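The values are calculated or read from the model by the stated rules, or taken from the named source; none is laboratory data. Quick caveat, the model's predicted, so the values are computed rather than measured. Note that each Cβ is placed from the backbone with ideal geometry, even for glycine, and that neighbours are counted across all protein chains shown. These accessible areas exclude ligands, DNA and RNA; they are computed on the full protein's heavy atoms, side chains included. Shrake-Rupley method; radii C 1.70, N 1.55, O 1.52, S 1.80 Å.
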Amino acid sequence: MTSQTTLLNTRFLTAGYGPVTVLHGIDIEVNEGEIVVVLGANGAGKTTLMRAISGTIPRTGNIEFEGRSIKKDSTDAIVRAGIVQVPQGRGTFPELSVADNLLAGAYVRRDGAKAVADDIAKWYSVFPRLQERSTQRAGSLSGGEQQMLAIARALMSRPKLLLCDEPSMGLAPLITRELFNVIGQLNKEEGLSVLLVEQNANLAMHIASRVYLLETGVIVASGSAAELSADDSIRKAYLGF
Amino acid sequence: MELFLQRLVDGLSEGSVYALIALGIVIIYRGTGHLNFAQGEMALFSTFVVYQFGEWGIPIGIAVIMGMAVGFTLGAVTEVAIVRPISKKSPFAVFIVTIGLFQLLNWVDGAIWGGQQLPNTGVGSKQVRFPSLFPNNPTDFVTIFGANIKIQSLGVIALVGVLTVALFAIFNHTRLGLAMRAVAANGESAKLVGIRTGRVLMASWGLAAAIGALGGVVFAGISTNVNLGLMFTVFIYASAAATLGGFDSPGGAVVGGLSIGLIQNMAAGYAPKWVGQEMKVGVAFLVILGVLLFRPSGLFGTSRVERV
Amino acid sequence: MPLLEVQDVTVRFGGIVALDGLSFEIEEGHICGLIGPNGAGKTTMFNVVSRIYQPTRGSVRFRDEELLTVPAHGIAKLGIARTFQNLALFPSMTLLENVMVGAHSLGRIGFGRAISRIGAASDNRRTRDHAGDLLHQLGLGALAFKAADGLPFGTLKRLEIARALAAQPKFLLLDEPAAGLPHGEVDGLAETIRGIRDQFDLTVLLVEHHMSMVMGISDRVVVMEFGRKIADGTPAEIQNDERVIEAYLGAPA
Amino acid sequence: MKPLFTIKAGGPTSWAVRVVCAAALVYVLLWIPTSGSNSLIDTATTALTLMGAALSLNLLLGFTGQISLGHSAFFGIGAYTTAVCVTRWGWSPLKTLPIAFAVAFVVGALVSLPALRIKGVYLALVTLTLGVVFPQFIKWPKIEWLTGGSRGLTDTGFKFDKNNRTFELFGWNPWGNLRGENVKPFYFWIAVVIVLIIYLICRGLVKSRVGRSLVAIRDNSTAAAVMGVNLALTKGLVFGLSAAMCALPGSLTAMKGTVTPDTALLTVIGSITFLIVMVVGGAGTLWGPIIGAIVYQFITEKTGDWVEPDKIPSLLRPFFSWSKTPPAAGIFGLSLVVLMFVAPLGLAGFWKQVVGRVVAVVPKPAGSTTLEPTAPSDGIPTWQPEEPLAEQ
């Protein structure tokens, strides 16, 4: 593990909304090629963590990406730097076609229409269902298809780090499993680093290199998946007993 | 038949101006959810600027483009300096601010160019007339099926048609258009793919004001006189058009604008005793009220489920 | 006879089914916890009971009376009050005034009497005193004359409870009262909820993510997932229910 | 910063302040009509007319949050009801006031029906078009027999003749000479009474359970409904009442003798003027429209002849001399924009802030607690808590 370079690391990251502070000083690290999972029950602050890293809400503390502080960067600069987020509840552009959603994902790229078109073709081959529906409005897709579209759209910017906010939300278990398989594959085959926040503990632990446990805005435990499932902390954080 | 054709062309040429202003309303509404009450007055200001350029001897074609640039700047600055900071407070404050801008811009026009009307008929001692983009002498008409159709009207329809096609090309085939549609569909997600939503909104306001400038110039050309109230009625009709087409649908704005122009001219033409010049605006009122009561999101608008 | 009977309630938004044939009952005097993962339909359930949403199917009976035919403004009079997940206060009013609006359903002063001022002064005094007492009781007396806008989230959550209590309800629906509270304050809130239940003879329906709090104060717990009820029982029963554990931790891979 | 003085609400000092203010008000009201300056009386009457309309709009827009740009139409309905009743049926103008009130109430309540389904900008649009349609409707040839079309109606007001009684008190007469020689004070007093009625209605509502429910609708209508506020009924009544009150100052304009559909206040310009008066003074405050109307009328009259550079005070000349029209419209347009940034509650709100720095008013305690209210250091009155609040 020590040979890996640190991609993202946060020090005392604090954020919230107006008068409410949700995150109370979060320290996490993501190394290159890892899938790091942040587990937490509802209301623990998972989405706030994602937003704080992406810079869509005001935050204090330190965030470094590839050794450079991105604390003061705006969201678009962070996307350009290589961190892209798949928002909770998919967040596709419902009135745009599937193809236009993917094009919008490549908004920050400057390497020409040909390269973008090649990438679209590539993600169509990974998610064949999207190709079938390329001219349909994204809003007309099923929940699972929208989640795939949201991930493909994020990948269109060729990120170094993919942030995934609860990809399993509202999806049937079978589809959730399929999604996690794809994420695992992308990690193995493309070397994509992933920071994933999840509620579905069992499924997420399966693909995780390392796991953090978030409870009411604080990291209460961390370690490998095996270490964490050995003790009772997850159960307690989730079920309160 | 002749009368019908004439009313058709008149309706379409007026309607196409409504469509332009309605497009401006829709572009802004989609991006920010605000109704810009100063939309018509921004257009009027640019229209007077174009008139001034004409007075200085600049050819009308170039003057219009310069006027549109002035309009773009006015719209963009308004969004960045006034609307964006105030919209963090409340939608009510934005409403008041656009009313304030309405009043302020109208006064500025009067303060600079005077409250008097510019007679547009080409007669009178000073021969002051608004520079027209198209030949508009009394002899400039073509006869189609016995109807005398002014070249000016046809020119307006053609110009607005071309502009609308160009706008839709921008919407559907450019980076800016993609960004505008993305911001309209989901602002947070647009940020997350790296779109600078602030710049897009600024550009939207600019674009809306620029096409408004063109609408103002065109409308000044087909009106009998140009005065400080010129664009206010156009704004009312354009709002009715946007309501009819759906506040978030650019295509709807165009269809709505043309429909309002047609309905109005046909109604005033075929039922002069009932509608006449006085109640032309009543048509707009009935359209707005009827649409909102029976089809609240317009003909082409999307209805969104309201969640608590 | 249960105080609230929810039978086969289904709510659709467009193509999405938010509640899918949900049924459960609440006994009078109980604190009933309603839990489930995000998007399970808990807040939708609240909005059905408080008549903000009209279900496509089903019935909700309160004290054996059908609620679904009562207009939204009629439920307060029946003795149902609620709080909101993301706060629905009146930001321009003071805390005292917020609570006074909470007592709206008890008042008798309409347009005529307000304009003619017949009895308006004594009505104001009574409402004001009632609201002031409630604020004191919830520890907010010191802030009575401050505007609600800009106060800390936890304070406003308490204010919502005070406002709901001002209607002298029999049935109180609390939507995530502990959300946004620092860990240390959750126990105090649990005490408050239990205290007001005993003092005002209330039945409470509690939506909360804070599991230790829900399990600590609920007499019964209803668990939802995907708009359906998946379990219903005492906290001890729920804690050992395989389906609940699976819903929360996810199915093993 | 600690305020210099502390006053207890309902205490002797607060009563003394009230009595002094009331006395000053009565003095001013008696001084204006007896000042002998016709232009001052006219100005004051116009200001009162705007005050009445803006107070009405304020109840609907400021307190209840329902946007209306159609109040010029209700104002016009008042004017035309009086004009028609007087010219067609020979009614006494004062007797037309209740009729104007009732007609406008019905129209306003009808407008509120779509308002129940339509919100925000859409409501603004519907009411805006109503304001635009009204003068056109008056000109409509189909009803010209009733309204006089675009020429308007004349002789719509009082008929003064030599036999009228005069009301003198030891030679002192604030009412004017009603034999047709000096009638301006008479209109002034009608305006005062109308404004007083409107103010008392607004005040009664605002300081009651109903008023709280109005603000609740404005701040959060869903929560208001859950608290038991009948949204449809309340909005309908407020809309009707606001329209009805706005008709009264409209009636007054007709009582002065003529109405035409192009009178500025009867067109959308009127709606915007009422809005400006309300916002400049302070939307959602009881005194806002009153302060706003005085300021509005004062500035408008002062700057009315600033078209000629030598009429502009020399200090201000460089800023205004280029303008071909009087600057009032521009000043108020700019004020709306600036006020939203610096003082959303207008002059009344600004005044409260300033006074609050000097005088702290301690409210009467609420509830059965015996704790004594104390004046805190930050200027906001509070009580000492019975137990320390948990740190948030």
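Could you list, in sequence order, all residues of the stretch D:281-312 that are away from chain B (no Cβ under 11 Å), part of a loop (DSSP other than H, G, I, E, B) and open to solvent by less than 60 Å² (accessible area, probe 1.4 Å)? Listed by number, the residues that qualify are D:Gly282, D:Thr285, D:Leu286, D:Thr303, D:Gly304, D:Ile312. Residues considered: C:Arg82, C:Arg57. Of these, the only one that is in contact (Cβ under 8 Å) with a residue 12 or more places away in the chain, within 13 Å of chain D (Cβ to nearest Cβ) and charged (D, E, K, R) is C:Arg82. Put simply, of D:Val106, D:Val121, D:Val84 the only residue that is open to solvent by 30 Å² or more (accessible area, probe 1.4 Å) and more than 14 Å from chain B (Cβ to nearest Cβ) is D:Val106. Among the conditions (1) in contact with a Leu (Cβ under 7 Å, 6 or more places away or on another chain); (2) open to solvent by 70 Å² or more (accessible area, probe 1.4 Å), D:Asp161 misses just one, which is (1).
Just to be sure before I move on: is A:Asn187 surrounded by 23 or more Cβ atoms within 10 Å (Cβ to Cβ) and assigned by TED's automatic domain parsing to the domain that holds A:Ile28 in the structure I sent? In short, no. When A:Ser97, A:Ser140, A:Ser157, A:Ser134 are screened for being over 27 Å from A:Asn31 (Cβ atoms), open to solvent by less than 60 Å² (accessible area, probe 1.4 Å), within 14 Å of chain B (Cβ to nearest Cβ) and not aromatic (Phe, Trp, Tyr), only A:Ser97 passes. Looking across the stretch D:336-347, just one residue is at the interface with chain B (Cβ under 7 Å from one of its Cβ atoms), under 19 Å from the mean Cα position of the chain (by Cα) and open to solvent by less than 30 Å² (accessible area, probe 1.4 Å), and that is D:Leu336.
Only residues that are facing chain D (nearest Cβ under 8 Å), open to solvent by less than 20 Å² (accessible area, probe 1.4 Å) and part of a helix (DSSP H, G or I) were counted in the stretch C:85-102, giving 4. Residues of the stretch B:237-253 include at least one that is aliphatic (A, V, I, L, M), modelled with pLDDT under 95 and within 30 Å of A:Leu149 (Cβ to Cβ).
Screening D:Ser221 on (1) of a type outside the set (Asp, Glu); (2) open to solvent by 10 Å² or more (accessible area, probe 1.4 Å); (3) farther than 22 Å from D:Ala53 by Cα; (4) facing another protein chain (nearest Cβ under 9 Å) shows it passes everything except condition (4).
Checked against (1) closer than 25 Å to C:Asn47 by Cβ; (2) more than 9 Å from chain D (Cβ to nearest Cβ), C:Gly150 meets all criteria but (1). Residues of the stretch D:183-197 include at least one that is more than 30 Å from D:Leu286 (Cα to Cα) and at pLDDT 80 or above. Taking the stretch C:103-154 as the range and being within 17 Å of D:Ala223 (Cβ to Cβ), out of contact with any strand residue (DSSP E or B) (no Cβ under 8 Å at 6 or more places or on another chain) and open to solvent by 40 Å² or more (accessible area, probe 1.4 Å) as the test, the residues that pass are C:Leu106, C:Asp149. Tallying residues that are charged (D, E, K, R), in contact with a strand residue (DSSP E or B) (Cβ under 9 Å, 6 or more places away or on another chain) and surrounded by fewer than 23 Cβ atoms within 10 Å (Cβ to Cβ) within the stretch A:190-216 yields 2.
Screening A:Asp119, A:Asp111 for residues that are open to solvent by less than 20 Å² (accessible area, probe 1.4 Å) and of a type in the set (Asp, Glu) leaves exactly one candidate, A:Asp119. Note on the stretch A:183-241: enclosed helices (runs of 4 or more DSSP H) holding 3 or more residues that are free of Cβ contacts under 8 Å to residues at least 24 places away in the same chain are A:225-230, A:233-239. The residue that is farthest from the chain's Cα centre (by Cα), among those in the stretch D:229-250 that are under 18 Å from C:Arg108 (Cα atoms) and surrounded by 24 or more Cβ atoms within 10 Å (Cβ to Cβ), is D:Val229. For first residues located in the stretch D:17-41 and of a type in the set (Val, Ile, Thr), partners that are open to solvent by 60 Å² or more (accessible area, probe 1.4 Å) and not in a helix (DSSP H, G or I) and lie 6+ apart or on another chain with Cβ distances below 9 Å form the pairs D:Thr34/D:Trp172. List every residue pair whose Cβ atoms lie under 7 Å apart, where the two residues are 6 or more positions apart in sequence or sit on different chains, the first residue falls within the stretch D:58-85 and is closer than 22 Å to D:Thr96 by Cα, and the second residue, located anywhere, is open to solvent by less than 10 Å² (accessible area, probe 1.4 Å) and assigned to a loop (DSSP other than H, G, I, E, B). Once the first residue is closer than 22 Å to D:Thr96 by Cα and sits in the stretch D:58-85, its partners that are open to solvent by less than 10 Å² (accessible area, probe 1.4 Å) and assigned to a loop (DSSP other than H, G, I, E, B) give D:Thr82/D:Thr156; D:Ala83/D:Thr156.
If you go through the stretch C:62-79 and keep only what is open to solvent by 70 Å² or more (accessible area, probe 1.4 Å) and either in contact with a strand residue (DSSP E or B) (Cβ under 9 Å, 6 or more places away or on another chain) or touching a residue at least 60 places away in the same chain (Cβ under 8 Å) (or both), you end up with C:Arg63, C:Asp64. Against the numbered list (1) out of contact with any Leu (no Cβ under 6 Å at 6 or more places or on another chain); (2) in a helix (DSSP H, G or I); (3) in contact (Cβ under 8 Å) with a residue 24 or more places away in the chain, C:Gln168 comes up short only at (2). When the stretch B:82-96 is filtered for residues that are more than 10 Å from chain D (Cβ to nearest Cβ) and farther than 23 Å from D:Leu128 by Cα, the ones remaining, listed by number, are B:Arg84, B:Lys88.
Among residues of the stretch B:120-140 that are within 11 Å of B:Gly221 (Cβ to Cβ), those with a Cβ under 8 angstrom from a residue that is open to solvent by 80 Å² or more (accessible area, probe 1.4 Å) and modelled with pLDDT under 65, sequence gap 6+ or separate chain, pair up as B:Arg129/B:Thr121. A search for C-beta distances below 9 Å between a residue of the stretch C:228-252 that is within 8 Å of chain A (Cβ to nearest Cβ) and any residue that is in a helix (DSSP H, G or I) and acidic (Asp, Glu), counting only pairs 6+ apart in sequence or on different chains, returns C:Pro252/C:Glu246.
Can you confirm whether A:Ala44 is of a type in the set (Gly, Ala, Ser) and either surrounded by 19 or more Cβ atoms within 10 Å (Cβ to Cβ) or closer than 14 Å to A:Leu195 by Cβ (or both)? Spelling it out, A:Ala44 is indeed of a type in the set (Gly, Ala, Ser) and either surrounded by 19 or more Cβ atoms within 10 Å (Cβ to Cβ) or closer than 14 Å to A:Leu195 by Cβ (or both). Close Cβ contacts (under 9 Å, 6 or more residues apart or on different chains) running from residues in the stretch D:320-332 that are more than 7 Å from chain B (Cβ to nearest Cβ) to residues that are of a type in the set (Phe, Trp, Tyr) and surrounded by fewer than 19 Cβ atoms within 10 Å (Cβ to Cβ) comprise D:Pro327/D:Phe319. Examine the stretch B:23-35 for a residue that is open to solvent by 20 Å² or more (accessible area, probe 1.4 Å), free of Cβ contacts under 8 Å to residues at least 12 places away in the same chain and assigned to a helix (DSSP H, G or I), and state whether such a residue exists. So far as the stretch B:23-35 goes, no, none of its residues is open to solvent by 20 Å² or more (accessible area, probe 1.4 Å), free of Cβ contacts under 8 Å to residues at least 12 places away in the same chain and assigned to a helix (DSSP H, G or I).
Checking each residue in the stretch A:10-32 for being open to solvent by 30 Å² or more (accessible area, probe 1.4 Å) and farther than 15 Å from A:Val218 by Cα picks out A:Tyr17, A:Gly18, A:Pro19, A:Glu32.
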